[in-house]
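Just so you know, all these numbers are worked out from the coordinates, no wet-lab data involved. The model shown is predicted, which means the values in this text are computed figures rather than measured ones. Because the Cβ atoms are built from the backbone with ideal geometry, glycine has one as well, and the counts that use them run over all protein chains shown.
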Amino acid sequence: MSELFYQPLATLAALLASGKLSAVELMQAVLARTQAVEPRVRAFNSYDTADALAQAAASDARRAAGQARGPLDGIPVGLKDIIAVAGQPLTASSKMLANYVSPYDATVTRKLKDAGAVVWGRLNMDEFAMGSSTENSASHPTANPWDLARVPGGSSGGSAAALAAGAAIATLGSDTGGSIRQPAALCGVVGLKPTYGLVSRYGLAAFASSLDQIGPFGRTVEDTALVLQAIAGHDPLDSTSFKTDLPDYRGELAQRRGPWKLGIPKEYFGEGLDPEVGAAVEAAVKFYRDRGCEVKEVSLPHTRYCLDTYYIIATAEASSNLARYDGVRYGHRSKAATDAIDLYSLSRAEGFGPEVKRRIILGTYVLSSGYYDAYYLRAQKVRTLIRQDFLHAFREIDALLTPTSPVPAFKLGEKSDPLALYLCDIYTIGVNLAGLPALSVPCGFTTGGLPIGLQLIGQPFQEASLLAAAHAYEQAHEWTTRHPAL
């Protein structure tokens, strides 16, 4: 057996259930691994060793008393530093919240605790989830475990990098325009963005409320299904939470064997796609075709408007959401202010980083008098057309197959132009605009040893089918068994 910290969650859950492994032993292995790799990977903003070991000891005590809470009991699960954990820092990797400690648990945090998971660490990210490389963090950049000179993706780069490095068994991130799927692809792990409304956003520091969604990272599709099972479901504390019956996501992996009707959107295989990424995805498409799946080309004609639409809607909502950080109630408060106007302007100038300021300014502009109809209202109408493209395609197919990222992990500092970074999300943002579920599963490596991700996009609330289709591919390949040589 390879190192404990690289074992799938499902395998570790079985070992814990059988008594062959204790939660404290597992947590100690993850802690030792974290201490060994963290100086190079820098996936965490902070972690509490004593608290993690105490949670693990409590899990062992429950098992000894015959009160185990299921497959997540005793499993270390890391959280992106934008999800509230009572008594823990919540910085969103921003100076604005550098000293903020959350007084309450997010709903997903409470659900993980109810499932017995060891809630473990605060994972680095792009500031307020705005970025695609984790270089926008006010704390520090995170490195890709497969090549420490390269980015892990973003904005949930810490969540993907920690998992890939063995510093957690599973993690949570948030996805506003690809922030789970893109880093999952670049770090060689599985990442799922659920249907909008399936997982509560209560306790998630908001970036763009109509786009944000919390989701899991796993070493395998099965692991991802197990975490989704724990965190999904209706929450009265979130007005956008949807009431729907939850299937047995793990159980249906084996039951749903296909064949599936799959679509290949022609707009996703054009200019800007790295040849090695394209070849790996085409090989994955061939696998499904050889397995008896019906694969056909489809068109999503409004794809060319996705980037423009996203950066109007997302920035407008960011401008509104981030207005609460005013230096008055909580967060950074400027010491140089001499009056109320100074307090507001200086606190925000000092607390926010360049990318966050850029998006606030753009969002404020598109919401301003005289421009609201020309930009924001028009973008919402185009958003409807983008969603209709997907729903029209799903009349004939079960899921779409696309690249997750147009390029593999790039070097730290390589993409200094904001637009170049924005283009990294070209294949993922449409899913958020349409509120659909999508996941990234490893589908190969470049000749330089960098991971490549395959994106599967599904119909609303059809996560079970999506996970099963990804599982069928994963089981026939060994991509998820490879680990970086740290």
- Query: Under the Karplus relation 6.51 cos²θ - 1.76 cosθ + 1.60, θ = phi - 60°, what is the ordered set of whole-Hz ³J(HN,Hα) values for the stretch 258-275, x standing for Gly and Pro?
  - Reply: x, x, 9, 8, 10, x, 10, x, 5, 6, 9, 10, x, 4, x, 7, 4, x
- Item | Hydrodynamic radius by Kirkwood, which averages 1/r over all alpha carbon pairs of the chain, in angstrom | 22.2 Å
- Cα-based Rg/(2.2 N^0.38 Å) for the stretch 215-258, rounded to two decimals, is 1.31
- Task: Please compute the net charge surrounding residue 190, taking Lys and Arg as +1 and Asp and Glu as -1 over other residues with Cβ under 10 Å from its Cβ.
- Result: -1
- Task: Mind ranking 142-152, 321-331 by how tightly packed they are, going by the mean number of other C-beta atoms within 10 angstrom, highest first?
- Result: 142-152, 321-331
- Query: Among residues other than residue 327 whose Cβ falls under 11 Å from its Cβ, what is the net charge (Lys/Arg +1, Asp/Glu -1)?
  - Reply: +2
- Query: Once you wrap a convex hull around the alpha carbon atoms of the stretch 92-188, what is its projected area averaged over all directions, in nm²?
  - Reply: 6.2 nm²
- Note on the structure: Protection proxy (average C-beta count within 10 Å per residue), highest first, orders 343-354, 177-188, 451-462, 107-118 as 177-188, 451-462, 107-118, 343-354
- Translational diffusion coefficient (Stokes-Einstein; Kirkwood radius from C-alpha pairs) of the stretch 442-484 at 37 °C, 0.692 mPa s, in µm²/s: 283 µm²/s
- Message: How would the stretch 316-375 be classified by its alpha-carbon gyration tensor: rounded, prolate or oblate, with rounded meaning a/c under 1.5 and the a/b versus b/c comparison settling the rest?
- Response: prolate
- Starting at the first residue of the stretch 362-379, write each ³J(HN,Hα) from the Karplus equation 6.51 cos²θ - 1.76 cosθ + 1.60 with θ = phi - 60°, in whole Hz, x for Gly and Pro. 5, x, 5, 4, 6, 9, 6, 4, x, 10, 4, 5, 5, 10, 5, 5, 5, 4
- Message: Straight-line reach only, C-alpha to C-alpha below 27 angstrom: list the lysines that residue 286 could link to, leaving out same-chain residues fewer than 8 apart.
- Response: 193, 261, 266, 296
- Note on the structure: Env charge @ residue 226, Cβ radius under 14 Å, K,R +1 / D,E -1, value -2
- Note on the structure: Per the C-alpha gyration tensor (a ≥ b ≥ c, the square roots of its eigenvalues), the stretch 328-486 is rounded if a/c is under 1.5, else prolate if a/b beats b/c, else oblate; here it's oblate
